[in-house]
Structure formats: C-alpha cells, structure tokens
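Rule-based calculations on the coordinates, nothing more; no lab input. What you see is a predicted model, and the numbers here were worked out from it, not measured in a lab. Positions of Cβ are backbone-derived with ideal geometry, glycine not excepted, and every protein chain shown enters the neighbour counts.
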Amino acid sequence: MDNQHIAFNKVYLTGNEYKYIQQAISNAKISGGGFYTKKCQTLLEQKYGFYKCLLTNSCTAALEMAAILIGVKPGDEIIMPSFTFVSTANAFLLRGAKIVFVDSQPGHPNMDASLITSLITEKTKAIVVVHYAGVACDMEKIMSIAVANNLFVVEDAAQAIDSFYHFSDGTRKPLGGIGHLGAFSFHETKNISCGEGGALIINDPSFAERSEIIWEKGTNRCSFFRGEIDKYRWVDIGSSFLPSEITAAFLFAQLEMIDVIQQKRKDIWTLYNSLFTEKKLNSIFKISEIPGYSDNNAHIFYLDCITNDKRKNLIEYLAKNNINAIFHYLSLHKSPFFLEKHDGRELPQSDYYSDTLLRLPLYLELTKADIERVVQTISDFSKNE
Ligand SMILES: *Cc1c(COP(=O)(O)O)cnc(C)c1O
C-alpha cells in the first residue's frame, strides 16, 4: 500500500472557473453586482425557491447583514449554540447583543431545541441555528418556539447548501430557506467554494428592500441601477458586503455543477460509512447519525472518538501514516474572549464534541483507495488501542 500524503481538504475545480473569470474581465466590469453576481443569485433563487438571495464576501458578512436587518440593539439577547464557528456570535456581538449559548444535543452537535424555551427572556430577539455538517436542526420545533415567542430565526447555513428539512406534514424546505434569514458560506473548505464568499438568503419579504441598501453601503444604488430613481443617496447604515465579479465568476462555475459535486461528495460519505460498518468500527467510534427529518449533504464525515485521549492518539497515528484529520470547534463559552462574559452554565454536550469530534478527509479528488486506506489505518489503530 503506498503511503502518499492524504490532505484534509483540497478545493475542487470544475474547469470553467478560468473561462468565466476571463469573461468577467473582458466584460470590463469587475466590481460587485454585475453579470455573474446576478447569475449566481438567480441560480440559487430558482434551484431552491428562495425569495431573494444576495451574494456576500463571506458567510460572516451575511450574518452581519442579518444582525443589522433584524435590528439587533445593545442588550438584546440572541440564543445560539456554543459549538460553532466564531462568526455566528461575532456578527451579533458587533451590534451589542448579549449572546446566550445553548447546549448541543446528546448524540449530535446541533443545538438541543428542548433547552431553548428556558433561555428565553423579555430581551430575547432571535434564535440563531447552526446546521452542523449540513444536518438540519429540529426546525419544526424551533420555528414553533420562535412563533410562540415572537422571535426571529436566523440560519447559519454555512455548511448546509443543498440540504433539506422534512416537515411532519410531508413537505420539505432547503436549509437556509426556513428562518427569516439564512447565510451560506462558499469558503474554500465548504462543498461549493470561491475561496472566500457567501450568500444572504432573505425568506421574509419585508427584509428585501432594506437588504439591498445595507448590501450597498447604506445607499439605494440598487434602485438607481434599475432606473427606479435618478440619483442614489445615503439612506441607511450599511457596509461593503458585495464580492467582486471575479469571485462571482468563480462561484458560478461551481454552482452550475452543484448536482455533480453533491453526488460525488455523497458517494464518498456513503463509502466511508459502509466501510466503518463493514469493519465494525462503529462500535469503537460513534458515526454521525442523521435524524429522519434531515437530508445529508455530505459536508463532513466525522467520528466521535468518545474520549479526548483517543482522539489525540488517533490524530497522531493518522499523521504518522501520512493522513491529515482535524478537529474543530472549541466551545465558544470557554474561549479566552468569552469565558468571563458567559453566565456560568455548564454546556456538557458542547464540551464533549469539542473534546471528541474528529473530521476525516472529504473532497472530490479522494479515490476509493484513499478512503479504504483511511479506514484501514483507523482499523489498525483500534486494534492497538
Ligand atoms: C465556515 C463557517 C462560517 C464562516 O464562513 P465564512 O464564509 O468563512 O465567513 C460560519 N459559520 C459556520 C458554522 C461555518 O462552518
């Protein structure tokens, strides 16, 4: 068996990226909001039935726009998981919000919806859900809590492109398209990528007009470009949230191939899963379980190593065998920045996943032999445990 290095992630190129970037350059209009930006936005709106989509520089930027749109003021409380990326919290902290962290589910890193109601106060403004690994949070329950308490729901759907939630009445909706607002990431590590990029999904039409203004630095330039007004003015707060046409051109090359990319990722995920079952490794590690109400968009294949020591040893063993596996998310409530600000509640499930979760390589260049080698190496490790 050869011992070539297996990286954790490699960006996939569809082949049209250079062509579209060249086209964008020869259009001689490379600032944001042009031909490729519109093509990406329209593709996402039509494919997933989103009311409105705006491309952004990142998911972080889309979350910052969401915080502005729902009108977060200093002192407002925002409920969100502790087991997430820093941007989920920063976007709301930047507007002066108080972050109230909710624990993960026993059995899954997603937020435990049964804990939300007890955290709601008069100051609660929104629930921010994070669909970890593209697996849906319990949206039916979360939306009904939000309706009952008059709260906004923002979906951090950074990892959740092309994943769906199945409601009990048999209907399904794309993740990012269920709450008032949703945010996707097209960072290099995500299923669909343009290096750095994202999108804001506007599901509540009442946010549509203002979203364009905030996107365009607080001006009504979008209306001006549509010929609805004769000059554009400063009308609200905003920032520079649009990516350039070069980025949008790259992204379009990926988005138009989304079905192919998704099928290949799912094949890799399924192969991992069946090899783990075949080798009975699912009694030594816990493999991600997908709840019946969620699709699996194959963003992440992770193992729950059960103890921190086992994870440490496994990472070392894989590294010795030239395989790069990584862990992520250290509970935000225990971070150097937030520790003193947290209200002191224990969040044991979030800490558990911080200690035990391990992500395996998952990208389209991985061959069947690569995947077999990763699983065999883990199997060898478990025999020496
Ligand atoms: C990747 C990620 C982000 C940040 O995305 P950017 O596009 O890099 O800003 C935010 N939240 C979650 C859950 C993520 O996985």
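Computed about the Cα centre, the dipole magnitude for the stretch 160-317 is approximately 400 debye when only Lys and Arg (+1) and Asp and Glu (-1) carry charge, each at its Cβ.
Here the stretch 365-380 and the stretch 131-186 have alpha carbon centers that stand 33 Å from each other.
Separation of the alpha carbons by more than 22 angstrom is noted, of LYS73/LYS123; LYS310/LYS341; LYS98/LYS312; LYS98/LYS125, for LYS310/LYS341; LYS98/LYS312. Note down the net charge around SER206, summing +1 for each Lys or Arg and -1 for each Asp or Glu among other residues with Cβ under 15 Å from its Cβ. With Lys, Arg at +1 and Asp, Glu at -1, the neighbours total -2.
Please identify, among LEU151, LEU200, LEU119, the residue showing maximal mean-square fluctuation in a Gaussian network model of the chain using a 10 angstrom Cα cutoff. Of LEU151, LEU200, LEU119, the Gaussian network model singles out LEU119 as fluctuating most. Dividing the summed -39500 (n - 2.57) terms of all DSSP H runs of n ≥ 4 by the residue count of the chain sets its mean residue ellipticity at 222 nm at -11000 deg cm²/dmol. Be a star and scan the stretch 32-75 for residues whose amide nitrogen sits under 12 Å from the point 7 Å along the Cα-to-Cβ vector of TYR232. Answer for the stretch 32-75: 32-34.
Residue ranges 273-284, 102-113, 179-190 sort as 179-190, 102-113, 273-284 when ordered by packing (mean number of other C-beta atoms within 10 Å per residue, highest first).
Against the empirical curve 2.2 N^0.38 Å, the C-alpha radius of gyration of the stretch 1-120 lands at a ratio of 1.47. Each of SER335, SER294, LEU358 was scored by the projection of its Cα onto the charge dipole of the stretch 258-384, and the greatest displacement toward the positive side belongs to LEU358; charges sit on the C-beta of Lys, Arg, Asp and Glu.
Magnitude of the charge dipole for the stretch 70-218, about its Cα centre and with charges confined to Cβ atoms of Lys, Arg (+1) and Asp, Glu (-1), is about 240 debye.
Considering the dipole of the chain built from charges on the beta carbon (Lys and Arg +1, Asp and Glu -1) around the Cα centre, which of ASN203, TYR36, SER87 is farthest to its positive end? So the residue we want is TYR36. Couplings 3J(HN,Hα) of the stretch 253-261, computed from phi: 4, 7, 4, 6, 9, 4, 5, 5, 4 Hz, in residue order, whole Hz [Karplus 6.51 cos²θ - 1.76 cosθ + 1.60, θ = phi - 60°; x for Gly and Pro]. Since only ASN27, ILE192, VAL102 are under comparison, the one whose Cα sits farthest along the positive direction of the charge dipole of the stretch 17-255, derived from C-beta charges on Lys, Arg, Asp and Glu, is ASN27. A protection proxy built from the mean count of other Cβ atoms within 10 Å ranks the segments 158-171, 22-35, 137-150, most packed first, as 158-171, 137-150, 22-35. For the stretch 373-385, backbone phi angles converted through the Karplus equation (6.51, -1.76, 1.60; θ = phi - 60°) give residue-by-residue couplings of 5, 4, 5, 4, 4, 5, 5, 4, 4, 5, 6, 8, 4 Hz, Gly and Pro being listed as x.
Counting residues in the stretch 17-255 as N, plug N into 2.2 N^0.38 Å and put the Cα Rg over that result.
1.00
Evaluated with a Cβ-only charge set (Lys, Arg +1; Asp, Glu -1), the chain carries a dipole of roughly 540 debye about its Cα centre, given to the nearest 20. Largest mean-square fluctuation among ILE300, ILE116, ILE127, in a Gaussian network model of the chain whose springs join Cα atoms under 10 Å apart, belongs to ILE116. Taking a Cβ cut-off of under 12 Å around HIS299, the surrounding Lys, Arg, Asp and Glu residues balance to a net charge of +2, with basic ones at +1 and acidic ones at -1.
Excluding PHE285 itself, what net charge comes from residues whose Cβ is under 13 Å from its Cβ, given Lys and Arg +1 and Asp and Glu -1? Display every interim value, and only then the final one.
Numbers: positive: LYS279, LYS280, LYS286, LYS310, ARG311, ARG359; negative: GLU289, ASP304, GLU385.
That works out to +3.
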